[in-house]
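Scroll down for the structure; my scribbles are underneath it.
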Amino acid sequence: MKTVFTNILEEKATEDAFYVCNLGEIIKKHQEWKTCMPRVKPFYAVKCNDDSKVLETLAGLGTGFDCASKAEISKVIQLGVHPSDIIFANPTKQASHVRAAADAGVRTMTFDNENELHKIKKLHPEARLVVRIRCDAEMAQCQLGMKFGVLVEDAPNLLAVSKELGLNVVGVSFHVGSGCMDPPVFHRAIGAASWLFNVAREFGYSFTLLDIGGGFPGNTGSSIVEIADIVNKSVDEYFPKGCGVEIIAEPGRYYVASAFTLVTQIHSKRDVKATSGETASSKSFMYYINDGVYGSFNCVLYDHAVVHPETLRDITSFDNLYECSVWGPTCDGLDQVCSNVMLPELDMGDWLVFNNMGAYTLVAAGTFNGFPVPRIQYIALKEAWATLREFMDEDKFVADNVPIFMKAGVGCNRDAVGWGLNDVFEHIKNRN
Ligand code: PLP
């Protein structure tokens, strides 16, 4: 990848921070998902990273989408995604957003309280409702249970109200917490959902949808294989094949975290002098880079992320490493990207690379102090092309259609990626 970054730097002659998005990584994740959890259809959580090429790639691969707002719904609909492949998975929705969902033909939506039911009755009475229950992981990067989810023992009261209002409740959802580090929680949550499926029958409902939410690992935390093993065994136990229940999930960070690498430039540097009595090795540097916590690194504050810089220059060419800190470009003292990281003595103009920056970064980035949000360079490497071919009829897709950047296996700009992948996606869609 470092060769790709260097190529891009040479081609662009830029000093701005930029992202490299490896679309092939997203394709790889989808393959892995299908292998690991064949019974669970992913509805990608747009909130995690709403970049158009990411959404196009996923739409091409045939995932559904979890949208949190009317803007997200509209973005996904514009890609040609069918409304039935969208779940409006925000349990507390603004009235205009419910109306927009109804206008767009999006019927499936979550709720977790009685007031929401009255709102939906008024604005979208034909909705297919999914009751979100609370079941928290004992450890997660971001807990969600304090804000959303009815306790499963209180959910029957909501079903009673739904019935009274004549609303169509079709299933149960939960979110165990983002960046879940407690894989067995999926067994507890699926068991609780199954209990509610049974109770729902007493109210005359015959549920057909189980939504196991998000919480799947991006690049750290639990392993997807371990979670998948627990999910598979739990759905087989509580919702055996042929039981007529559709099982979906709302993965966000799983799909995008590792696909994005952020390349930043050190524009300023402060030498922190060793104070008297200390050895020379205790010297240190403060590096100032052109993206910070008001931009991409908002994940440090909001997503509780810990980021690790790597040097673009070969680290083995340096003799010493020092305990350094890395700071964002704004005038705010809060704008610290990381501290106590071991880095060599670098120069202004050197580049620091941050891997795994695709989840909950760009979506919440702003331009405080006038610093722009980094642009994205899209790439896909040769092996991604091989994976894409698995989705295609060999005879219809001749070698001339192979995008040039994929043949070369190096980075290229957005437009070049556009024409190649769009052909592929069109083809996949037609086949579906
Ligand atoms: N679904 C809902 C309703 C969420 O709120 C979130 C994240 O906050 C997600 C899915 C995505 O979660 P993750 O990125 O952990 O997969």
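FYI, it's all coordinate maths here, none of it is from the lab. The model shown is predicted, which means the values in this text are computed figures rather than measured ones. Neighbour counts run over all protein chains shown; Cβ positions are idealised from the backbone, glycine included.
Overview of results
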read-out: Fewest-first ranking of Cys243, Cys67, Cys338, Cys21, using other Cβ atoms within 10 Å as the exposure measure; value: Cys243, Cys338, Cys21, Cys67
read-out: Region 50-251: relative contact order in percent, alpha carbon pairs under 8 Å with at least 6 residues between; value: 16
read-out: Calculated diffusion of region 25-168, Stokes-Einstein form, Kirkwood radius summed over Cα pairs, 37 °C and 0.692 mPa s, µm²/s; value: 202
read-out: Binned Cα-Cα distances of region 205-317, short to long, each 5 Å bin given as a whole percent; value: 2, 8, 12, 14, 12, 11, 9, 8, 7, 5, 4, 3, 2, 1, 1, 0
read-out: Among Leu210, Leu334, Leu343: highest mean-square fluctuation, GNM of the chain, C-alpha pairs under 10 Å; value: Leu334
read-out: Ranked list, fewest to most other Cβ atoms within 10 Å of each Cβ, for His267, His124; value: His267, His124
read-out: The chain: most fluctuating residue of Asn115, Asn290, Asn49 per GNM, C-alpha cutoff 10 Å; value: Asn115
read-out: For region 50-251, share of DSSP beta bridges that run antiparallel, in % to the nearest 5; value: 10
read-out: Convex hull per residue volume in Å³, alpha carbons only, for region 146-221; value: 96
read-out: Relative compactness, region 50-251, computed as alpha-carbon Rg over 2.2 N^0.38 Å; value: 0.99
read-out: Relative contact order [Cα under 8 Å, 6+ residues apart], region 197-265, whole percent; value: 46
read-out: Charge dipole magnitude, Cβ of K and R +1, D and E -1 - the chain, Cα centre, debye nearest 20; value: 1080
read-out: Two-decimal log10 I(q)/I(0) for the chain, as the Debye equation yields it once each C-alpha is a single scatterer, q = 0.14 Å⁻¹; value: -1.27
read-out: Cut-off under 5 Å, modelled amide H: who pairs with Asp211 long-range; value: Val172, Ser173, Phe174, Ile248
read-out: Residue range of the chain that is longest and free of chymotrypsin sites (Phe, Trp or Tyr not before Pro) which are both DSSP loop and sparsely packed (at most 16 other C-beta within 10 Å); value: 1-202
read-out: Percent RCO, i.e. relative contact order, over the chain, from Cα pairs under 8 Å lying at least 6 residues apart; value: 19
read-out: Calculated from backbone phi, Karplus (6.51, -1.76, 1.60) coupling profile of region 48-59 in Hz, x at Gly/Pro; value: 6, 5, 9, 4, 4, 5, 5, 5, 4, 4, 5, 4
read-out: In order through region 303-312: 3J(HN,Hα) via Karplus (6.51 cos²θ - 1.76 cosθ + 1.60), integer Hz, x for Gly, Pro; value: 9, 6, 7, 10, 10, 10, x, 10, 7, 5
read-out: DSSP loop trypsin sites (Lys or Arg not before Pro) with at most 12 other Cβ within 10 Å excluded, longest remaining stretch of the chain; value: 274-432
